[in-house]
Amino acid sequence: MRLVELSRSEHGGLRIRAELVEASAASQHLVPIVVSEFRKAATQYPIVFAKNTDTGRFAPYVLNGLGVEENLFWSGTELDVAYVPLNVRRQPFYVGTNDAPDAPAANVLCIDLDSPCLDGSGAKTLVNPDGSDSDYLKEILSILGELVAVRKATEQFIATVLSLDLLTPIMLDIVLDDGTPLQVTGLYSIDEEKLKQLDAGEVARLWQTGSLDLIYTVLIASGQIFKLIRLKNQRIALRRAWHSNAR
């Protein structure tokens, strides 16, 4: 990865192959999300919590696979989902911080110059002929703007569930259709029993802050694990059929 601050004048000629953006998630079994995405994500994925490898802090993610670097939604050419998380759609753009000694700290738009999404044959441009931002770049700015705007609310939600001791490890012991045992560890979800034990005043506070809605969204989304198991079984069956036909 080679992140640099985006310059409309210097990088205005870059072109993006939008069809390669989703490919950036082809081997991501976890994709971070923010709380504004919970309802949309819950229609497709289990929503889980895990410790960020960089910060060591808990963060919410959508679960794409039952193994490390496995994305069961990746078809080989696209993500077969109705909702693609913001952190995938923003590729290859990031938010950086202006750390110039004589300037106040501020967010800056960065681009990964090593991203395979950058290609001279790409259909997406960053700057219009008149020098203004293209519709594509405006869309990217909107996505990044939401990620930045909701970051604090997401961190506050995590702090709330941690303060109430509502996070619990997920222990999944799965047996696939071919008899293969599979364990999923290192992930966390909401402890429903502890949630039921909260007093009425605490539940009221969760409701007033919008946290209760988010908690129940996570609980409902947990049922999507059965979709992942089905997709895993289908993938194994297809692989076996392909090997049989190749003989």
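The values are calculated or read from the model by the stated rules, or taken from the named source; none is laboratory data. What you are looking at is a predicted structure, and each value in this text was computed from that prediction instead of being measured. Virtual Cβ from ideal backbone geometry, glycine too; neighbours counted across all protein chains shown. Note: areas computed on protein heavy atoms with side chains; ligands, DNA, RNA excluded. Shrake-Rupley method; radii C 1.70, N 1.55, O 1.52, S 1.80 Å.
When only residues in the range 15-32 that are within 14 Å of Q91 (Cα to Cα) and aliphatic (A, V, I, L, M) count, which is farthest from the chain's Cα centre (by Cα)?
I16
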Every residue from the range 38-57 that is polar (S, T, N, Q) and open to solvent by less than 50 Å² (accessible area, probe 1.4 Å): Q44, N52
Matching residues in the range 16-30 - criterion: being open to solvent by less than 50 Å² (accessible area, probe 1.4 Å) and more than 15 Å from D80 (Cα to Cα): I16, A18, L30
Subset tally (residues that are closer than 16 Å to P92 by Cβ and without any contact (Cβ under 8 Å) to a residue 12 or more places away in the chain) for the range 115-136: 1
Selection within the range 179-231 - assigned to a helix (DSSP H, G or I), within 21 Å of S36 (Cβ to Cβ), of a type outside the set (S, T, N, Q) and open to solvent by less than 50 Å² (accessible area, probe 1.4 Å): L206, L212, L214, I215, V218, L219, A221
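Filter the range 3-45 down to the residues that are β-branched (V, I, T) and part of a strand (DSSP E or B), then identify the one that is nearest to L228 (Cα to Cα).
Here the residue is V31.
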The range 127-146 - residue that is at pLDDT 95 or above and hydrophobic (A, V, I, L, M, F, W, C) and, of those, most open to solvent (accessible area, probe 1.4 Å): L141
Hey, A59 among the hydrophobic types (A, V, I, L, M, F, W, C), within 12 Å of the chain's Cα centre (by Cα), at pLDDT 95 or above and under 20 Å from L113 (Cα atoms) or not: no
Long-range neighbours under 8 Å by Cβ, at least six apart or interchain, first residue part of a loop (DSSP other than H, G, I, E, B) within the range 46-73, second of a type in the set (K, R) and modelled with pLDDT of 95 or more: G65/K232; L66/K232; L72/K232
Residue match in the range 181-202 (condition: of a type in the set (F, W, Y), under 19 Å from the mean Cα position of the chain (by Cα) and over 30 Å from T125 (Cα atoms)): yes
Qualifying residue in the range 147-158 (condition: open to solvent by 30 Å² or more (accessible area, probe 1.4 Å) and either part of a loop (DSSP other than H, G, I, E, B) or touching a His at 6+ places or on another chain (Cβ under 7 Å) (or both)): no
